[in-house]
Every structure is written in C-alpha cells, then in structure tokens.
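Structure first, then comments.
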Amino acid sequence: MNDEAPSAADPTAPQRAAFLESLMETDLYSIGAYFCDEHPELVDELVARSEEIEQGGLEAYSTASEAPLEESFETLLTGLAVRYYKAVAG
C-alpha cells in the first residue's frame, strides 16, 4: 500500500478526493466532529465506553451501569460517530 499523497498525474486522485469528501457529509461525521471539538477531554472515555457497550451488549451495559437504555444507546452512537470522524479526518 502506498502512503504517499496522490500526485497531480494520478488520474484517480479526483475520484478519491470526491469519495473522501462525501464521507465528511454525513450526520455521523458531523456528530463526531462536534463532540471532538466541544469535549476533547472526554473523547477517550467516550470511545472506551462505546467499545464496552459493543462488547457486552446494549441492554447488559445499561443494566450494569444503572443507566437508562436510551442514554446507553446515545453513548454507543456518539462513540461510533467519534471513531468514524477520527478515521475519516485522521
């Protein structure tokens, strides 16, 4: 895999750029960007919690943490959004 930036002579560069730009035009990206901008000190904790929810299951996490199911789901979704944002934005 080539980690170098595409050269001007690369005919696929415009297609790749358009595709990457389209990834940034999603609600998930926007949620992740907003959270990272507004709460940078909480990003690592949020990601860890969302991974814990993924591994153990939404209902089990909600019960164990004594949090409402909806709150646990929001944590999961926001954590996914942050990970998506970080993956696309770098």
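The simple Förster model, with R0 at 30 Å and r as the Cβ-Cβ distance, assigns T12 and E38 a FRET efficiency of 0.25. Counted by Cβ distance under 11 Å from A81, the other residues give a net charge of 0, where Lys and Arg count +1 and Asp and Glu count -1.
With contacts taken as Cα pairs under 8 Å and at least 6 residues apart, the chain reaches a relative contact order of 38 percent.
Label point of V47 set 7 angstrom out along Cα-Cβ; within region 60-90, amide nitrogens under 17 Å from it belong to 75-90. With the helix formula -39500 (n - 2.57) applied to DSSP H stretches of n ≥ 4, the chain reaches a computed 222 nm mean residue ellipticity of -23500 deg cm²/dmol.
Taking Cα centre as origin and charging only the Cβ of basic (Lys, Arg, +1) and acidic (Asp, Glu, -1) residues, the dipole magnitude of the chain rounds to 340 debye.
For the chain, the longest principal axis of the C-alpha atoms and the axis of helix 13-23 are separated by about 20°.
What's log10 of I(q)/I(0) for the chain at q = 0.20, 0.23, 0.24 Å⁻¹, Debye sum over Cα points only, no solvent? Computed log10 I(q)/I(0) values: -0.91, -1.06, -1.11.
Values quoted throughout were computed directly from the atomic coordinates according to the rules given, and no laboratory measurement underlies them. Predicted, not measured: the structure shown is a model, and the values here were computed from it. Positions of Cβ are generated from backbone atoms using ideal geometry, with glycine treated the same way; all protein chains shown enter the neighbour counts.
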